[in-house]
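S.K.: The structure's right below; bear with me while I get my questions together.
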Amino acid sequence: MNQIKQFQNQPVARFKKFPNKNIMTAFRNQNLPLPPICSRLLAGVASLALVGFTASAQIDPAPRQLLHLGANASLTDSGPMGAYAFYYWNMPNVPTTNEVLRLVIAPVYVDANLGFQHLLGKNTDLAVGAFGGMYANSYQEVDHGHWFKRESFDGDSGGFDVSLYQRFNPDQHIPLTGVLRATMDYNAFDTTDNTATVKNNGTAFVLPENQPIMTYRAGFRWGGKEPMLTPILGMEVSGWYELDQRTSPGGYGFSNDRELERVSQRFFARAQLNYTTLESKHYVVAGLQGGTMINADRLSAYRLGGVLPYTKEFPLPIPGYYFQELSAKSFGLAYGTYAIPFGAEDQWNIMGSASAALVDYVDGTGQPGAFNSGVGVGGGYSAPSRRWKILSLVGYGFEAEREHGRGGYSVAVAFQYNFGSTRTAGLEGYEALQEMHTVAK
């Protein structure tokens, strides 16, 4: 199964063919008192409807109609390009009360999910989903900074999932939710225009066998964030275990020089804060992510690189690198963004971003040295109506291996248009936080 399946559930369009369905969702310390500034921050964040982006998180209780577009490309060497285009349509009380219908529609992929709130108890929700389309599990081979197009291939996908969500702390503001999920995803692989179908030293590149893959996930999410580009407030601590079980493991490639494991296991955790300062309106993102694997292979590995926000549920950003350039069987990643607004209504902003990662590469991929880092500078514009916003970032990857040596350049653009209400839970929470701040002064 493609690496993008890990911890993600949203469709997107990618390079040329709009692939990839899955390029798609707390400071309180029990009863200990908090300093006043932390208490105000918690109260503001707690007033959010803290939800994840898709069925991977809690059921989204808010009506939404969002169009997301994004692209991430190298400015110098030839490398995989990341892109997405999808419409997120969330409909509470459809088809009936206490049911939520969510559709995520990409040009060649659709993901549908029906959530049943309180079906198995006051604090227990159930959701069923179905998905299908083209290019969901496409794979791009990158090793030592070189994109091996002859060893890359497309992968179509379709299947269904069942999810159980248990709220553990109904009496507290910040939701702590447990998640159990089972997914059946049928993968069908196909060559691209560049895959080595002709003889190569007497051997053609053999694709993995078409097969269903069963994936089981268990984990928790404390907090969350809305599915918005640069959400005004958000906070999350989460941890996950995921198991992939293939029905047709074995060799593929040139003379079976690479292997698909029968069972791969992932352990992953993230802590992230999205926060807008109350007076200066500066925007801050700070995060830590880490993961490890048992029986890693190319299609189940973590993929790091690029900066697009909705390439998967848990993007692993490093500016200046190709989209999902690094394949990892274990990693640790620290990242942050700082944006400063300007203009008559603070509709413009300038921003800086930085990431640093330690990577243990999947066998047969990688580059010299475990440390990888990158920085980016850019800007954005938000319409005064709050209907739409656009962001752009130019990145430099310090350790990215390229033909000329170390150092890679990239550019990314992300756009969002809101067809629904602009009175989001995040905005209401931020206004409540501002009011408390004013009263405290």
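S.K.: For the list (1) more than 30 Å from LEU119 (Cα to Cα); (2) polar (S, T, N, Q); (3) out of contact with any Phe, Trp or Tyr (no Cβ under 7 Å at 6 or more places or on another chain); (4) at pLDDT below 95, I need the number of the one condition that THR203 fails.
M.R.: With (1) more than 30 Å from LEU119 (Cα to Cα); (2) polar (S, T, N, Q); (3) out of contact with any Phe, Trp or Tyr (no Cβ under 7 Å at 6 or more places or on another chain); (4) at pLDDT below 95 applied to THR203, the lone miss is (3).
S.K.: A further question follows. Is it true that GLY305 is on the phi > 0 side of the Ramachandran plot, surrounded by 22 or more Cβ atoms within 10 Å (Cβ to Cβ) and either under 20 Å from the mean Cα position of the chain (by Cα) or not small (Gly, Ala, Ser) (or both)?
M.R.: yes
S.K.: Please go through segment 424-441 and give me each residue that is outside any helix (DSSP H, G or I) and over 24 Å from the mean Cα position of the chain (by Cα), ordered by number. Give the steps one after another, and end with the answer.
M.R.: Filtering segment 424-441 for residues outside any helix (DSSP H, G or I) gives 424, 441.
Hit for segment 424-441 is LYS441, nothing else.
S.K.: Only one of THR177, THR183 is modelled with pLDDT of 95 or more, out of contact with any helix residue (DSSP H, G or I) (no Cβ under 8 Å at 6 or more places or on another chain) and farther than 26 Å from ALA85 by Cβ. Can you tell me which? Let's see the steps before the verdict.
M.R.: Numbers: THR183 fails: farther than 26 Å from ALA85 by Cβ.
Of the residues listed, the single one that is modelled with pLDDT of 95 or more, out of contact with any helix residue (DSSP H, G or I) (no Cβ under 8 Å at 6 or more places or on another chain) and farther than 26 Å from ALA85 by Cβ is THR177.
S.K.: For segment 215-243, give me the residue count where each residue is part of a strand (DSSP E or B) and among the aliphatic types (A, V, I, L, M).
M.R.: Residues flagged as part of a strand (DSSP E or B) and among the aliphatic types (A, V, I, L, M) within segment 215-243 amount to 4.
S.K.: Would you mind stating whether GLY251 is part of a strand (DSSP E or B), over 26 Å from LYS225 (Cβ atoms) and at pLDDT 95 or above?
M.R.: yes
S.K.: Between GLY253, GLY239, which is on the phi > 0 side of the Ramachandran plot and among the small types (Gly, Ala, Ser)? Let's see the steps before the verdict.
M.R.: Details: GLY239 fails: on the phi > 0 side of the Ramachandran plot.
Exactly one of GLY253, GLY239 is on the phi > 0 side of the Ramachandran plot and among the small types (Gly, Ala, Ser), namely GLY253.
S.K.: GLY320 versus (1) closer than 24 Å to THR422 by Cβ; (2) surrounded by 24 or more Cβ atoms within 10 Å (Cβ to Cβ); (3) among the small types (Gly, Ala, Ser): which is the lone unmet condition?
M.R.: (1)
S.K.: Would you pick out the residues in segment 277-314 that are in a loop (DSSP other than H, G, I, E, B), farther than 20 Å from VAL394 by Cβ and among the hydrophobic types (A, V, I, L, M, F, W, C)?
M.R.: Selection gives LEU278, ALA296, LEU299, ALA301, PHE314.
S.K.: Given the conditions (1) under 26 Å from THR76 (Cα atoms); (2) modelled with pLDDT under 95; (3) surrounded by fewer than 24 Cβ atoms within 10 Å (Cβ to Cβ), report the number of the one that ALA344 does not fulfil.
M.R.: That leaves (1) as the condition not met.
S.K.: Here's something else I'd like to know. Please specify each residue of segment 86-106 satisfying the condition of being farther than 13 Å from ALA62 by Cα and aliphatic (A, V, I, L, M).
M.R.: LEU103, VAL104, ILE105, ALA106
S.K.: Go through (1) of a type in the set (S, T, N, Q); (2) within 25 Å of TYR275 (Cα to Cα); (3) touching a Ser or Thr at 6+ places or on another chain (Cβ under 7 Å) one by one and return the number of the condition ASN349 breaks.
M.R.: Failing condition for ASN349: (3).
S.K.: Of (1) closer than 30 Å to ARG298 by Cα; (2) of a type in the set (Ser, Thr, Tyr); (3) in a strand (DSSP E or B), THR365 satisfies all except one. Which?
M.R.: Going through the list (1) closer than 30 Å to ARG298 by Cα; (2) of a type in the set (Ser, Thr, Tyr); (3) in a strand (DSSP E or B), THR365 breaks only (3).
The values are calculated or read from the model by the stated rules, or taken from the named source; none is laboratory data. Here the structure is a predicted model, which is why all the values come from computation and not from measurement. Neighbour counts are summed over all protein chains in view; Cβ atoms, including those assigned to glycine, are modelled from backbone coordinates with ideal geometry.
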